[in-house]
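Read through the structure below, which is laid out as structure tokens, and then see the notes.
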Amino acid sequence: MRDLKLFFLIFSLLTFGSIYAHKDRGEYPKSIKFIFIDKEVLVLSYDDSRLKNICDEIISGKRKLTEVYVTYKTGEVISAKINDKNWTSISILYKNKRVFVDKNILEKIKEIHFSTLTLSWSSDYDKAFSSSYFTISFDMGSELFYDEFPNVQLFFNKQVFSKAQVWKQISKDGKQGSNL
């Protein structure tokens, strides 16, 4: 009986260890720096209660952005630049290496909800740039679908932009994804 308990203990540890090993690591920003068209600069921590209100003002057009810098505790920095209503660049930087989102994808991205922005990668690595892949994810736009905004995922493989997908709520219990 003791051998059977030991077997199940070891089997359980190996099973759950394997499941955990294949889970992605997700990070929320440490801080977000907004630069507005009137030259005002606002730096907020991700847990600042004002962040959602500032993002809502940006989405509604009450405040006009020129640049945003999103910093992660792992050292990566996502930067986004906008000219009026068109994104001119979105990139992620780590040390001296920067990768960009393709221009044809930038044209399709509407308003970014920076309060929902996350960075995820393989949990086998400490940093996104060390991993063979990573993903930037955020809610987009001003139109709700079943009380949710569309969610955009920007994929990078081997530090090169690879594709973009958008997920929309199509029913109370269902989402539909498509290439952006």
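Against the list (1) surrounded by 14 or more Cβ atoms within 10 Å (Cβ to Cβ); (2) under 22 Å from Ser31 (Cα atoms); (3) free of Cβ contacts under 8 Å to residues at least 60 places away in the same chain, the condition Asp126 fails is (1).
What tally of residues in the range 138-149 results from selecting those that are touching a strand residue (DSSP E or B) at 6+ places or on another chain (Cβ under 6 Å), of a type outside the set (A, V, I, L, M, F, W, C) and closer than 15 Å to Lys108 by Cα? Working first, answer last.
First pass over the range 138-149, keeping only residues touching a strand residue (DSSP E or B) at 6+ places or on another chain (Cβ under 6 Å): 138-140, 145-146, 148-149.
Now drop any that are not of a type outside the set (A, V, I, L, M, F, W, C), which leaves 139, 146, 148.
From what is left, the residues that are closer than 15 Å to Lys108 by Cα are 139.
Within the range 138-149, residues that are touching a strand residue (DSSP E or B) at 6+ places or on another chain (Cβ under 6 Å), of a type outside the set (A, V, I, L, M, F, W, C) and closer than 15 Å to Lys108 by Cα number 1.
One residue stands out in the range 140-160 among those that are under 17 Å from Ala128 (Cβ atoms) and without any contact (Cβ under 8 Å) to a residue 40 or more places away in the chain: the one that is most open to solvent (accessible area, probe 1.4 Å), namely Lys158.
Would you check which residues across the range 28-57 are touching a residue at least 12 places away in the same chain (Cβ under 8 Å), in a loop (DSSP other than H, G, I, E, B) and over 20 Å from Gly75 (Cα atoms) and list them?
First, the residues of the range 28-57 that are touching a residue at least 12 places away in the same chain (Cβ under 8 Å): 28-38, 42-46, 51-52, 54-55.
Narrowing the set further to residues that are in a loop (DSSP other than H, G, I, E, B) leaves 28-30, 37-38, 46.
Listed by number, the residues that qualify are Ile37, Asp38.
Name every residue in the range 61-87 that is open to solvent by 60 Å² or more (accessible area, probe 1.4 Å) and either within 18 Å of the chain's Cα centre (by Cα) or closer than 22 Å to Ile105 by Cα (or both), in order of residue number.
First, pick out the residues of the range 61-87 that are open to solvent by 60 Å² or more (accessible area, probe 1.4 Å): 62, 64, 69, 73, 81, 83-86.
Scanning the range 61-87 gives Lys64, Tyr69, Lys73, Lys81, Asn83, Asp84, Lys85, Asn86.
Taking (1) open to solvent by less than 30 Å² (accessible area, probe 1.4 Å); (2) in contact with a Leu (Cβ under 8 Å, 6 or more places away or on another chain) in turn, Trp121 satisfies each apart from (2). The lone criterion from (1) open to solvent by less than 60 Å² (accessible area, probe 1.4 Å); (2) modelled with pLDDT of 90 or more; (3) more than 26 Å from Asp56 (Cβ to Cβ) left unmet by Lys163 is number (1).
The values are calculated or read from the model by the stated rules, or taken from the named source; none is laboratory data. What you are looking at is a predicted structure, and each value in this text was computed from that prediction instead of being measured. Using ideal geometry, Cβ is built from the backbone for each residue, glycine included, and neighbour counts are taken over all protein chains shown. The protein model used for the area step is the full one, side chains on, heavy atoms only, and it has no ligands, DNA or RNA in it. Shrake-Rupley method; radii C 1.70, N 1.55, O 1.52, S 1.80 Å.
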